[in-house]
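The structure appears right after this line, and notes come after that.
The values are calculated or read from the model by the stated rules, or taken from the named source; none is laboratory data. Note that the structure is predicted; figures quoted are calculated from it, not measured. Cβ coordinates were reconstructed from backbone atoms using ideal geometry, including for glycine residues, and neighbour counts include every protein chain displayed.
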């Protein structure tokens, strides 16, 4: 059993360089310790749009000028993939493969005065055990199952993508919110079948991460004052099936899904029929994707559909609080297409287009009058053009252009921002 850091492996796969599949291997008695990860940093310059009449878009990802009217944003940050230091230990005992993984993600920059306020991320801490004859069990914190393949096959994993218009951020967004929902890092108990001639399936129960569900603005207006009053009241369920093959035309196809129950309580105020009303709904989503490589050409296509799943983060803006004091789910969908080609110099050139759409709920109208300053998102779109050059076996130089367009349901409210990025990412 080989448990490498998923994102580092994905970077190795996406890279034109022949990045090693393992890091620094150290035999340690019955154990084999693998120290692996990456370091990356990018200079980003974003041309932000000017706010029109002070109006913003709730859920919009295009960058806007700041309060002082500055519309050019500079920053030196990590990209979509944070810098990473991981430790994986593997052994075989009593005919069982046993492994642990712990990882840490420091930041490339911090916009505080002293430059040392940002808290490092801690995205992985899990154990696995199993055998190739009956499969693998995982317990602990790791990347979510639903939409996991969407981010792992995104070419901006080696670069920046969207979200670079905030200096000092821990990571950028890549294609998150402009083609797929973030799979996030979740406590989970998961079972993966053995590889059966290219076919594998995973089923997992996940920790019900709190908050982020529903329309926070509407719920707040109804008297809900704490994020904990929007919560998931059972374990999440996520699953995936995937088939992969090799040959002159190699690739894989996959489908995954997720289901979470969401409950709001302590609803009060003008929209309530009585204080302390409770309303519940189930947020669900599914996706399908494929990636194919032949020679120097790579093509990836991905689509997702959600009911109450919202956009960008799972559940974000997933429901609207109606005047009947009921949360009605919003539907959402989106996806991305991506084409890459490795030219004779070894440089991988790539183009991608992604979009995430958010529909209004049944019976929903714009809560705001013409004087409102925040309108509900209709769509976030992204165009990416990138070049990823393997300067050495492990070091890639990266240049990207990303354009983000955000449009509200209310007419004549749309913004776009442009980001140019240049930097490097080193895998070990």
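Laid out as a table, the results:
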{"quantity": "Residue count, the stretch 115-153 (criterion: at pLDDT 95 or above, farther than 17 Å from residue 189 by Cβ and in a strand (DSSP E or B))", "calculated": "1"}
{"quantity": "For residue 257: the one exception among (1) assigned to a strand (DSSP E or B); (2) modelled with pLDDT under 95", "calculated": "(2)"}
{"quantity": "Test set (1) surrounded by fewer than 19 Cβ atoms within 10 Å (Cβ to Cβ); (2) within 30 Å of residue 50 (Cα to Cα) - residue 341 fails condition number", "calculated": "(2)"}
{"quantity": "Every residue from the stretch 302-323 that is in a strand (DSSP E or B) and under 22 Å from residue 182 (Cβ atoms)", "calculated": "302, 303, 304, 305, 306, 307, 313, 316, 319, 320"}
{"quantity": "Residue that is nearest to the chain's Cα centre (by Cα) [pool: residues in the stretch 292-302 that are surrounded by fewer than 22 Cβ atoms within 10 Å (Cβ to Cβ) and under 15 Å from residue 151 (Cα atoms)]", "calculated": "301"}
{"quantity": "Residue within the stretch 201-220 that is surrounded by 18 or more Cβ atoms within 10 Å (Cβ to Cβ), assigned to a helix (DSSP H, G or I), touching a strand residue (DSSP E or B) at 6+ places or on another chain (Cβ under 8 Å) and modelled with pLDDT of 85 or more present", "calculated": "no"}
{"quantity": "Neighbours by Cβ (under 8 Å, 6+ apart or cross-chain): first from the stretch 137-154, on the phi > 0 side of the Ramachandran plot and surrounded by fewer than 22 Cβ atoms within 10 Å (Cβ to Cβ); second part of a helix (DSSP H, G or I) and at pLDDT 95 or above", "calculated": "none"}
{"quantity": "Test set (1) farther than 30 Å from residue 297 by Cβ; (2) in contact with a strand residue (DSSP E or B) (Cβ under 8 Å, 6 or more places away or on another chain); (3) at pLDDT 90 or above - residue 37 fails condition number", "calculated": "(1)"}
{"quantity": "Strands (runs of 3 or more DSSP E) lying entirely in the stretch 27-93 (those with 2 or more residues that are touching a helix residue (DSSP H, G or I) at 6+ places or on another chain (Cβ under 8 Å) and at negative phi)", "calculated": "31-47, 84-93"}
{"quantity": "Identity of the residue in the stretch 102-117, under 20 Å from the mean Cα position of the chain (by Cα) and closer than 12 Å to residue 169 by Cα, that ends up surrounded by the fewest Cβ atoms within 10 Å (Cβ to Cβ)", "calculated": "106"}
{"quantity": "Pick from the stretch 268-284, criterion part of a strand (DSSP E or B) and farther than 28 Å from residue 60 by Cα, ranking: modelled with the lowest pLDDT", "calculated": "277"}
{"quantity": "Residues (within 23 Å of residue 358 (Cβ to Cβ), part of a strand (DSSP E or B) and either without any contact (Cβ under 8 Å) to a residue 60 or more places away in the chain or out of contact with any strand residue (DSSP E or B) (no Cβ under 6 Å at 6 or more places or on another chain) (or both)) located in the stretch 181-193", "calculated": "186"}
{"quantity": "Filtered residues of the stretch 384-398 (kept if under 21 Å from the mean Cα position of the chain (by Cα) and either modelled with pLDDT under 95 or crowded, with 17+ Cβ neighbours inside 10 Å (or both))", "calculated": "384, 386, 388, 398"}
{"quantity": "Residue satisfying condition, being modelled with pLDDT of 95 or more and buried (at least 19 other Cβ atoms within 10 Å of the Cβ), within set 320, 305, 287", "calculated": "287"}
{"quantity": "Qualifying residue in the stretch 82-101 (condition: surrounded by fewer than 18 Cβ atoms within 10 Å (Cβ to Cβ), in contact with a strand residue (DSSP E or B) (Cβ under 8 Å, 6 or more places away or on another chain) and either modelled with pLDDT under 90 or under 18 Å from residue 169 (Cβ atoms) (or both))", "calculated": "no"}
